[in-house]
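Peer 1: Sharing a structure here in structure tokens format.
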Amino acid sequence: MKIQPECLPCLIKRCLYEIELAGKNREVSKKAMVKAMETLAREFDPSRCSASIATEVHRAVYQTLDCKDPYREMKRRSNEVALSLLPKVEAIIKNSRDPLKAAIVCSIIGNILDFGIKGGSSRPENLEKDFERFYREGLGYSDYDEFREILLNARRVTLFTDNCGEIVFDKLLCREIKRLKPELKLTLVVKGEPVLSDATREDAENLSFREVVDEIMDTGTFAVGLDIENMPENLRKNLEETDLIICKGMANYEVFSETNYRPIVYLLRTKCEPIARSIGVKTNINILKVFT
């Protein structure tokens, strides 16, 4: 997705949020905010991918703050809250008529654990009171039947994760995918370095993902979504060979919508107008969108 005019204030607002999270002194915080605006002014180009520009702006902020992971505590709390909901979520999936579809909805609900932006959460603990409401909403847009058919015919599937907390429910989705077709090879992809509230290899290992996936890879670099040009060779090879890509969250959509990788399915909450407009759906709904 190309960067849109609405992306600019949203990006600056998120930079301000992470600067506050870092808890540095006033002078350092001021320098970081100035650096964010300077970088955005230099990098902005309507023909470029929004995630690519966001990567450079956040990189500048992190470096100025001298902080590798300003979201670390928020990520820890997100995983903690999601884990506390696990018995309830597992019961929902187990008792549903279609466990895979239920797991997809639960996985998408975790996508609201996105901080410092409109449509996200103000604090991880809000998920406890909001989960059932979002689950009752179900899928506001669904290509589920098409997705299931592609999945049943796939031999290799690659799932790109998004936020912490959300990844707890992604594990349940991976479990249901393997239950549906045990013989397929399922690869999980996490971030190569801490960026925003996204999950890293540390989160995947702590959550024992090897119980439900065959392989764990990472994006290799600091990047919002994925740096397509600089991804590790093993990941590039995997994307060339996989039969289906599952992308969680908006940043992964921003990146992969600029590529020709197919078939691909996006599982996300449409938290902003540019994303919803690009996909062709409403805002603030849970979606399962397939592109072939």
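Peer 1: Would a scan of region 79-93 turn up a residue that is without any contact (Cβ under 8 Å) to a residue 40 or more places away in the chain, surrounded by 21 or more Cβ atoms within 10 Å (Cβ to Cβ), over 17 Å from the mean Cα position of the chain (by Cα) and in a helix (DSSP H, G or I)? Let's see the steps before the verdict.
Peer 2: First, pick out the residues of region 79-93 that are without any contact (Cβ under 8 Å) to a residue 40 or more places away in the chain: 87, 91.
Filter again for surrounded by 21 or more Cβ atoms within 10 Å (Cβ to Cβ), leaving none.
The answer is no, given that none of the residues of region 79-93 is without any contact (Cβ under 8 Å) to a residue 40 or more places away in the chain, surrounded by 21 or more Cβ atoms within 10 Å (Cβ to Cβ), over 17 Å from the mean Cα position of the chain (by Cα) and in a helix (DSSP H, G or I).
Peer 1: Just to be sure I understand, how many residues within region 153-187 are under 14 Å from SER107 (Cα atoms) and part of a helix (DSSP H, G or I)? Full working, then the answer.
Peer 2: Going through region 153-187, the residues under 14 Å from SER107 (Cα atoms) turn out to be 159-177.
Restricting the remaining residues to those that are part of a helix (DSSP H, G or I) gives 166-177.
Residues meeting the conditions: 12.
Peer 1: Of the residues in region 110-152, how many are polar (S, T, N, Q), assigned to a helix (DSSP H, G or I) and either more than 25 Å from GLY280 (Cβ to Cβ) or not assigned by TED's automatic domain parsing to the domain that holds ASN286 (or both)?
Peer 2: As a first pass, look at region 110-152 and keep what is polar (S, T, N, Q): 111, 121-122, 126, 142.
Imposing the further condition that a residue be assigned to a helix (DSSP H, G or I) reduces the set to 111, 126.
When the remaining residues are screened for being either more than 25 Å from GLY280 (Cβ to Cβ) or not assigned by TED's automatic domain parsing to the domain that holds ASN286 (or both), the result is 126.
Selection size over region 110-152: 1.
Peer 1: Next question. Can you find even one residue in region 14-27 that is under 20 Å from SER278 (Cβ atoms) and outside the structural domain of ARG269 (by TED's automatic domain parsing)? Break it down into steps so the answer makes sense when it comes.
Peer 2: Residues of region 14-27 that are under 20 Å from SER278 (Cβ atoms), as a first pass: 14.
Filter once more, keeping what is outside the structural domain of ARG269 (by TED's automatic domain parsing): 14.
Yes - at least one qualifying residue is present in region 14-27.
Peer 1: Filter region 127-177 for residues that are charged (D, E, K, R), crowded, with 17+ Cβ neighbours inside 10 Å and out of contact with any helix residue (DSSP H, G or I) (no Cβ under 8 Å at 6 or more places or on another chain) and give the result.
Peer 2: Residue satisfying the conditions is ASP143 alone.
Peer 1: Given the criterion out of contact with any Leu (no Cβ under 7 Å at 6 or more places or on another chain) and over 15 Å from GLY249 (Cβ atoms), identify the matching residue among ILE117, ILE177, ILE92. Walk me through it before giving the result.
Peer 2: On the way: ILE117 fails: over 15 Å from GLY249 (Cβ atoms); ILE177 fails: out of contact with any Leu (no Cβ under 7 Å at 6 or more places or on another chain).
Of the residues listed, the single one that is out of contact with any Leu (no Cβ under 7 Å at 6 or more places or on another chain) and over 15 Å from GLY249 (Cβ atoms) is ILE92.
Peer 1: Any idea which residue in region 240-274 is nearest to the chain's Cα centre (by Cα), counting only those that are surrounded by fewer than 19 Cβ atoms within 10 Å (Cβ to Cβ) and either modelled with pLDDT under 95 or in a helix (DSSP H, G or I) (or both)?
Peer 2: From region 240-274, those surrounded by fewer than 19 Cβ atoms within 10 Å (Cβ to Cβ) are 240-241, 243, 258-263, 273; that's our starting set.
After this cut, where a residue has to be either modelled with pLDDT under 95 or in a helix (DSSP H, G or I) (or both) as well, the list is 240-241, 273.
Numbers: GLU240: 21, GLU241: 22, GLU273: 17 Å.
Ranking the candidates gives GLU273 first.
Peer 1: Collect the residues in region 196-212 that are among the hydrophobic types (A, V, I, L, M, F, W, C), more than 22 Å from CYS10 (Cβ to Cβ) and surrounded by 21 or more Cβ atoms within 10 Å (Cβ to Cβ), keeping them in residue-number order.
Peer 2: To start, the set of residues in region 196-212 that are among the hydrophobic types (A, V, I, L, M, F, W, C) comprises 196, 199, 204, 207, 209, 212.
Retained after the next criterion (residues that are more than 22 Å from CYS10 (Cβ to Cβ)): 204, 207, 209, 212.
Answer for region 196-212, where residues must be among the hydrophobic types (A, V, I, L, M, F, W, C), more than 22 Å from CYS10 (Cβ to Cβ) and surrounded by 21 or more Cβ atoms within 10 Å (Cβ to Cβ): ALA204, PHE209.
Peer 1: Among the candidates GLU146, GLU90, GLU80, which residue alone is among the acidic types (Asp, Glu) and over 30 Å from LYS181 (Cβ atoms)? Walk me through it before giving the result.
Peer 2: Working: GLU146 fails: over 30 Å from LYS181 (Cβ atoms); GLU90 fails: over 30 Å from LYS181 (Cβ atoms).
When all the criteria are applied, what remains is GLU80.
Peer 1: Residues of region 207-219 being assigned to a loop (DSSP other than H, G, I, E, B) and under 16 Å from the mean Cα position of the chain (by Cα), which ones?
Peer 2: Looking only at region 207-219, we keep the residues that are assigned to a loop (DSSP other than H, G, I, E, B), and these are 207-208, 212-214, 219.
Of everything in region 207-219, just one residue is assigned to a loop (DSSP other than H, G, I, E, B) and under 16 Å from the mean Cα position of the chain (by Cα), namely THR219.
Peer 1: Which one of these is touching a strand residue (DSSP E or B) at 6+ places or on another chain (Cβ under 8 Å) and among the charged types (D, E, K, R): ARG72, ARG48, ARG42?
Peer 2: Numbers: ARG72 fails: touching a strand residue (DSSP E or B) at 6+ places or on another chain (Cβ under 8 Å); ARG42 fails: touching a strand residue (DSSP E or B) at 6+ places or on another chain (Cβ under 8 Å).
Going through ARG72, ARG48, ARG42 in turn, just one is touching a strand residue (DSSP E or B) at 6+ places or on another chain (Cβ under 8 Å) and among the charged types (D, E, K, R): ARG48.
Peer 1: Just give me the residues in region 67-78 being outside any helix (DSSP H, G or I) and without any contact (Cβ under 8 Å) to a residue 60 or more places away in the chain, in sequence order.
Peer 2: Within region 67-78, CYS67, PRO70 qualify.
Peer 1: What number goes with the only condition from (1) of a type outside the set (Gly, Ala, Ser); (2) more than 19 Å from GLU6 (Cα to Cα); (3) in contact with a strand residue (DSSP E or B) (Cβ under 7 Å, 6 or more places away or on another chain) that THR292 does not pass?
Peer 2: (3)
The values are calculated or read from the model by the stated rules, or taken from the named source; none is laboratory data. Everything numeric in this text was worked out from a predicted model, so none of it was measured. No Cβ is skipped: glycine too gets one built from the backbone with ideal geometry, and neighbour counts run over all protein chains shown.
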